[in-house]
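Read the structure below first, then the notes.
The values are calculated or read from the model by the stated rules, or taken from the named source; none is laboratory data. Being a predicted model, the structure only gives us computed values, none of them experimental. Counting neighbours? That spans all protein chains shown, and the Cβs are built from the backbone with ideal geometry, glycine included.
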Amino acid sequence: MTLREAIALIDAATPLLPSAHPQHWADLGCGTGLFTEALTHLLPLQSTVYGVDTNPRLRQTAHMIPIKADFVKDDLPLRDLDGILMANSLHYVKDKPSLLDKLSACMRPGSPVLIVEYDTDQAVSTWVPYPVSYASLTKLFITAGYKQVKKLGQRPSAYGRANMYAAIALN
């Protein structure tokens with residue numbers, strides 16, 4: 001996926017994001033930082049996105065800061081975040097409700113969670129062990145107390161098994 005394609009997949013979130021002041025977000029499971037960078041294109045100027053990964057490979061800039069950590073197992077050194085992005089990382093989490101509880105301590109009240117995932121509940125080998133379809137994601141976040149989950153877009157997966165979708169959970 002290219003940067004332009006990543007931006008297009010999550011672009012519909014822009015009017016749903018917090019106000020025009022600079023934001024502080026985390027991209028959990030950032031990998032190379034493709035969606036980290038895509039998010040920086042949608043946020044107001046001077047915003048910061050912390051890319052959290054056990055092996056963060058994003059390049060550090062004034063607006064993208066890598067943090068080496070396992071977002072499931074480690075205590076995260078982040079507080080008062082304006083939002084969290086999880087692009088192709090939630091499917092590695094077995095106990096999703098516990099993770100959402102943990103993340104709430106890192107976020108400001110009412111902060112959104114932006115998700116990119118495969119629209120399936122069927123495991124796909126070791127690279128998607130605990131997938132979450134859009135229907136399951138909606139149930140997960142509503143059960144966790146979020147008011148709304150909105151699908152932002154979808155695209156065919158490069159792997160051909162299920163579409164990828166982007167969604168935002170709003171409080």
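Scan the stretch 44-61 for residues that are crowded, with 22+ Cβ neighbours inside 10 Å and part of a loop (DSSP other than H, G, I, E, B) and jot them down.
Initially, the stretch 44-61 is screened for residues crowded, with 22+ Cβ neighbours inside 10 Å, giving 49-53, 56.
56 - this is the single residue of the stretch 44-61 that is crowded, with 22+ Cβ neighbours inside 10 Å and part of a loop (DSSP other than H, G, I, E, B).
Restricting attention to the stretch 11-23, which residues are outside any loop (DSSP other than H, G, I, E, B), surrounded by 15 or more Cβ atoms within 10 Å (Cβ to Cβ) and out of contact with any His (no Cβ under 9 Å at 6 or more places or on another chain)?
Of everything in the stretch 11-23, those that are outside any loop (DSSP other than H, G, I, E, B), surrounded by 15 or more Cβ atoms within 10 Å (Cβ to Cβ) and out of contact with any His (no Cβ under 9 Å at 6 or more places or on another chain) turn out to be 12, 13.
Does the stretch 112-126 contain any residue that is under 16 Å from the mean Cα position of the chain (by Cα) and small (Gly, Ala, Ser)?
Pass one, the stretch 112-126, residues under 16 Å from the mean Cα position of the chain (by Cα): 112-119.
Okay, now just the ones that are also small (Gly, Ala, Ser), so none.
No, every residue in the stretch 112-126 fails to be under 16 Å from the mean Cα position of the chain (by Cα) and small (Gly, Ala, Ser).
Return yes when residue 26 is small (Gly, Ala, Ser), part of a strand (DSSP E or B) and under 19 Å from residue 113 (Cα atoms) and no when it is not. Break it down into steps so the answer makes sense when it comes.
Working: small (Gly, Ala, Ser): yes; part of a strand (DSSP E or B): yes; under 19 Å from residue 113 (Cα atoms): yes.
The answer is yes for residue 26.
Keeping to the stretch 122-147, report how many residues are exposed (fewer than 14 other Cβ atoms within 10 Å of the Cβ) and modelled with pLDDT of 90 or more.
Residues in the stretch 122-147 being exposed (fewer than 14 other Cβ atoms within 10 Å of the Cβ) and modelled with pLDDT of 90 or more: 6 in total.
Quick one: is residue 110 within 22 Å of residue 42 (Cβ to Cβ) and crowded, with 20+ Cβ neighbours inside 10 Å?
Answer is no for this residue.
Filter the stretch 25-41 down to residues that are buried (at least 18 other Cβ atoms within 10 Å of the Cβ) and more than 18 Å from residue 157 (Cβ to Cβ), then give me how many there are.
10
Please give the number of the condition residue 70 fails out of (1) in contact with a strand residue (DSSP E or B) (Cβ under 9 Å, 6 or more places away or on another chain); (2) closer than 20 Å to residue 167 by Cβ; (3) modelled with pLDDT of 95 or more.
Looking at each condition in turn, residue 70 falls short on (2).
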